[in-house]
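The values are calculated or read from the model by the stated rules, or taken from the named source; none is laboratory data. Remember, predicted model here, so these are calculated numbers, not experimental data. Heads up, the Cβs are rebuilt from the backbone with ideal geometry, glycines too, and the neighbour counts pull from every protein chain shown.
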Amino acid sequence: MRTDELLHDLYDRLSTHFGPCRWWPGDSSFEIMVGAILTQNTNWKNVEQAIENLKKAELLSLSAMSALSAERLAAYIRPAGYYNIKANRLQNFFHLINDQWDGDLEYFLAQPKEVLREELLSVKGIGPETADSMILYAAGKPVFVVDAYTHRILIRHEIIDESFDYHMIQELFLENLEENSALFNEYHALIVQVGKEFCKKTRPACKQCPVSGLNGVSPDIS
């Protein structure tokens, strides 16, 4: 089966099993971008607690969070883990928007995705996955987000090998799917869902997995 057929088959199986995922949760572009930084090295439930802390304190805005010291910001986002590091990363991001874009986040997000990605990657603490999450979910521009779940699922079904890095996996999707932000949004959300529920790092539920048999491979990993 060709790569494009495999990737469409994977999507169809996941979509049939899980239905619409409606990801990424957030009431604004700013909230989504804050969440993208907070979710680094933690699970979403912890991020939700941190965001709820900010909302309760009426601080979930660029102006309000920019006015906080690193110490106070870290206290509010403590549930997300690595809170001192993430407070600094958030402040680095705020400095970019405030200093170079006069605090106008929507104008910043209106840039072409290639320029937007370059600027985001210039911020200390924002890597490719975080930057692409911001571009796809906050700016609504078509870029495919690659995470550990994506790598794991494609490896186990022998669609890629261990030599594939972030950029190579991303190109695999971009070259074999139509360039559509809604499709990329839902596809990534479905991959996260199957990764959390079935294709776990240890003791995966291969026999029950909706994509078992994809590419003629039925992993049975203990």
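Remarks
- Number of residues in region 178-204 that are surrounded by 13 or more Cβ atoms within 10 Å (Cβ to Cβ) and either small (Gly, Ala, Ser) or assigned to a helix (DSSP H, G or I) (or both) equals 15.
- Subset of region 62-99 that is within 17 Å of residue 31 (Cβ to Cβ) and among the basic types (Lys, Arg) - its residue that is surrounded by the most Cβ atoms within 10 Å (Cβ to Cβ): 86
- Hits in region 150-168 (condition: under 18 Å from residue 194 (Cα atoms) and either within 19 Å of the chain's Cα centre (by Cα) or assigned to a helix (DSSP H, G or I) (or both)): 150, 151, 152, 153, 154, 155, 156
- Checklist (1) under 21 Å from the mean Cα position of the chain (by Cα); (2) modelled with pLDDT of 95 or more; (3) at negative phi applied to residue 43, failing item: (2)
- The number of residues in region 93-146 that are closer than 25 Å to residue 169 by Cβ and among the charged types (D, E, K, R) comes to 9.
- Lone qualifier among 207, 201, 196 - being modelled with pLDDT under 95 and within 16 Å of the chain's Cα centre (by Cα): 196
- Of the candidates 170, 100, 91, the single residue that is touching a helix residue (DSSP H, G or I) at 6+ places or on another chain (Cβ under 7 Å) and among the polar types (S, T, N, Q) is 91.
- Among the residues of region 117-135, those that are part of a helix (DSSP H, G or I) and of a type in the set (Gly, Ala, Ser) comprise 131, 133.
- Restricting 146, 115 to those that are free of Cβ contacts under 8 Å to residues at least 60 places away in the same chain and surrounded by 20 or more Cβ atoms within 10 Å (Cβ to Cβ) reduces the list to 146.
- If you go through region 107-161 and keep only what is assigned by TED's automatic domain parsing to the domain that holds residue 173 and of a type in the set (S, T, N, Q), you end up with just 150.
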